[in-house]
1. Just checking, how many residues over the range 90-113 are modelled with pLDDT under 95 and of a type in the set (A, V, I, L, M, F, W, C)?
2. Within the range 112-125, is there a residue that is touching a residue at least 40 places away in the same chain (Cβ under 8 Å) and either surrounded by 12 or more Cβ atoms within 10 Å (Cβ to Cβ) or of a type in the set (Gly, Ala, Ser) (or both)?
3. Specify the residue that is surrounded by the fewest Cβ atoms within 10 Å (Cβ to Cβ); the eligible residues are those in the range 25-42 that are assigned to a loop (DSSP other than H, G, I, E, B) and over 16 Å from the mean Cα position of the chain (by Cα).
4. Scan the range 20-50 residue by residue and report those that are over 21 Å from Leu107 (Cβ atoms) and modelled with pLDDT of 55 or more.
5. Just to be sure I understand the filter: pairs with C-beta atoms under 7 Å, separated by 6 or more residues or on different chains, first member in the range 52-70 and farther than 19 Å from Ala88 by Cβ and free of Cβ contacts under 8 Å to residues at least 60 places away in the same chain, second member acidic (Asp, Glu) and in a helix (DSSP H, G or I). Which pairs pass?
6. Just need a number here: residues in the range 114-140 that are in a loop (DSSP other than H, G, I, E, B) and either at pLDDT 95 or above or within 15 Å of the chain's Cα centre (by Cα) (or both).
7. Within the range 85-109, which residues are outside any helix (DSSP H, G or I) and surrounded by fewer than 16 Cβ atoms within 10 Å (Cβ to Cβ)?
8. Being in a helix (DSSP H, G or I), basic (Lys, Arg) and out of contact with any Phe, Trp or Tyr (no Cβ under 6 Å at 6 or more places or on another chain) is the filter here; which residues of the range 45-84 pass it?
Amino acid sequence: MSENPSEDFAKKPLDDSLIHKPFASCAAILHAVEAFHRRNQFIVGTGTREDLLLRLALLQGELGELAETVTKSAKGPHHGFMESEWIAMQNEWGDVLYLMLGWAIELGWDASTLHQIFARTHQKNLSRPPRHTALARPNP
């Protein structure tokens, strides 16, 4: 092992599951994030409440970066963003999503578990009147 850990990291061969490919399913996305966790010796399936406190801190930081991008961007043609800020916002959103998928990996959740969580949340949301009416737009 060299004195510079990033040199050792750079020398690790890339597993096929780490190379970007179009994802066809939630399971494929989870598998890719799990491969990243295993490559970096992150927690897989054995996360604890204490581990999730660290993940919450990371998530809070990423949400702050996303909020900064949204609030400080110049107005433009891409849903109100200039092209560069639109891409920056997508990248920050992707970081939040990646952390949330890492949360699932940490706790050992698979695609079936995510589907159950989503279905439960979706059904709950469908069963009550909208609370965030500021997000509503009249149908044309």
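The values are calculated or read from the model by the stated rules, or taken from the named source; none is laboratory data. For clarity, every value in this text was computed on a predicted model and none was experimentally measured. Because the Cβ atoms are built from the backbone with ideal geometry, glycine has one as well, and the counts that use them run over all protein chains shown.
1. Qualifying residue count for the region: 1.
2. Residues of the range 112-125 touching a residue at least 40 places away in the same chain (Cβ under 8 Å): 114-115.
With either surrounded by 12 or more Cβ atoms within 10 Å (Cβ to Cβ) or of a type in the set (Gly, Ala, Ser) (or both) added as a condition, the list becomes 114-115.
Among the residues of the range 112-125, at least one is touching a residue at least 40 places away in the same chain (Cβ under 8 Å) and either surrounded by 12 or more Cβ atoms within 10 Å (Cβ to Cβ) or of a type in the set (Gly, Ala, Ser) (or both), which makes the answer yes.
3. Looking only at the range 25-42, we keep the residues that are assigned to a loop (DSSP other than H, G, I, E, B), and these are 25, 40-42.
Adding the requirement that they be over 16 Å from the mean Cα position of the chain (by Cα) leaves 40-41.
Numbers: Asn40: 9, Gln41: 7.
Within the range 25-42, the match that is surrounded by the fewest Cβ atoms within 10 Å (Cβ to Cβ) is Gln41.
4. Let us first name the residues in the range 20-50 that are over 21 Å from Leu107 (Cβ atoms), namely 20-22, 24.
Answer for the range 20-50, where residues must be over 21 Å from Leu107 (Cβ atoms) and modelled with pLDDT of 55 or more: Lys21, Pro22, Ala24.
5. Between residues of the range 52-70 that are farther than 19 Å from Ala88 by Cβ and free of Cβ contacts under 8 Å to residues at least 60 places away in the same chain and residues that are acidic (Asp, Glu) and in a helix (DSSP H, G or I), the close pairs are Arg55/Glu106.
6. As a first pass, look at the range 114-140 and keep what is in a loop (DSSP other than H, G, I, E, B): 127-132, 136-140.
Filter again for either at pLDDT 95 or above or within 15 Å of the chain's Cα centre (by Cα) (or both), leaving none.
Total satisfying the criteria: 0.
7. So the first thing to find is which residues in the range 85-109 are outside any helix (DSSP H, G or I), and the list is 108-109.
Passing the criteria: only Gly108.
8. Pass one, the range 45-84, residues in a helix (DSSP H, G or I): 49-72, 83-84.
In the following step, the residues that additionally are basic (Lys, Arg) were identified as 49, 55, 72.
Those that are in a helix (DSSP H, G or I), basic (Lys, Arg) and out of contact with any Phe, Trp or Tyr (no Cβ under 6 Å at 6 or more places or on another chain): Arg49, Lys72.
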